[in-house]
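Take a look at the structure below.
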Amino acid sequence: MNTEYTFTNGKGGRAGGLGWWWHTTHDTIDKLDPEIFARDTRIYLSLLYRLLTFPVLPFYVEPAVEELIRALEKLNDKLAGKFDLTTLEVRLRELKSRAQKFDEITAGLLTGGSKENIESIEEHAEKQQSVFRELVRISYHEKEAYFFDLCGPIYPIPNLAAGEKLAVSLEDSGSYYMYLTEFRRGYNRVNAYVKRLLGLTGGEDVSI
């Protein structure tokens with residue numbers, strides 16, 4: 001085999017997984033294996049078919065919330081004495097409880113729940129989309145939803161990434177207050193997203 005077509009580009013975490021030609025003008029149709037392309041197309045069609053024909057989306061909220069809680073706990077240990085994360089922690093734990101019930105409804109509709117009440121199914125499907133939209137904003141947006149995020153490594157809760165630098169900053173220094181301000185803004189954004197999620201996942205009391 002010609003070494004220039006080896007499917008490794010870089011080492012370790014920097015490996016692209018494809019040839020040197022990937023995303024270049026040399027990435028032409030001769031690099032395509034028809035059988036693999038057909039196989040991948042069948043996989044995508046199968047996934048799309050399921051997403052388009054299930055009564056609701058086959059996704060669950062609770063596992064995503066658990067990841068957020070674990071990420072917050074790690075950051076909380078580093079910020080002890082510098083920033084109080086209690087409000088967000090309380091809201092996330094309440095969200096986990098509400099997500100369990102929300103996911104139970106999803107599971108019921110996916111495993112044979114009545115489809116006679118179309119309005120109810122459609123209402124839950126719409127709520128799902130709103131819920132996942134907020135989760136994406138928490139897990140993948142570094143700042144506000146309307147900012148463009150560059151491709152690169154993603155902090156577990158991007159809006160709280162400044163907390164890592166705040167944790168190692170000397171108190172009362174210029175950098176400390178700079179990171180404190182940045183972190184507080186991000187913290188407020190995440191709190192707002194989570195508060196909306198509390199309302200969407202079935203709870204009238206969102207005063208916490």
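Data overview
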read-out	value
Members of region 30-50 found to be open to solvent by 70 Å² or more (accessible area, probe 1.4 Å) and of a type in the set (A, V, I, L, M), listed by number	L32, I36, I43, L45, L47, L48
Matching entry among K82, K101, K78 (being in contact with a Leu (Cβ under 8 Å, 6 or more places away or on another chain), over 11 Å from V194 (Cβ atoms) and in contact (Cβ under 8 Å) with a residue 24 or more places away in the chain)	K82
Condition met for Y193 (open to solvent by less than 60 Å² (accessible area, probe 1.4 Å), at pLDDT 95 or above and assigned to a helix (DSSP H, G or I))	yes
Residue match in region 15-29 (condition: outside any loop (DSSP other than H, G, I, E, B) and modelled with pLDDT of 85 or more)	yes
Residues of region 33-64 classified as outside any helix (DSSP H, G or I) and either within 14 Å of K96 (Cα to Cα) or touching a residue at least 60 places away in the same chain (Cβ under 8 Å) (or both), total	6
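The values are calculated or read from the model by the stated rules, or taken from the named source; none is laboratory data. Note that the structure is a prediction, hence the values are computed from the model and not measured. So basically every Cβ, Gly included, is an ideal-geometry build from the backbone, and we count neighbours across all protein chains shown. Keep in mind that these areas ignore ligands, DNA and RNA; they rest on the heavy atoms of the full protein, side chains included. Shrake-Rupley method; radii C 1.70, N 1.55, O 1.52, S 1.80 Å.
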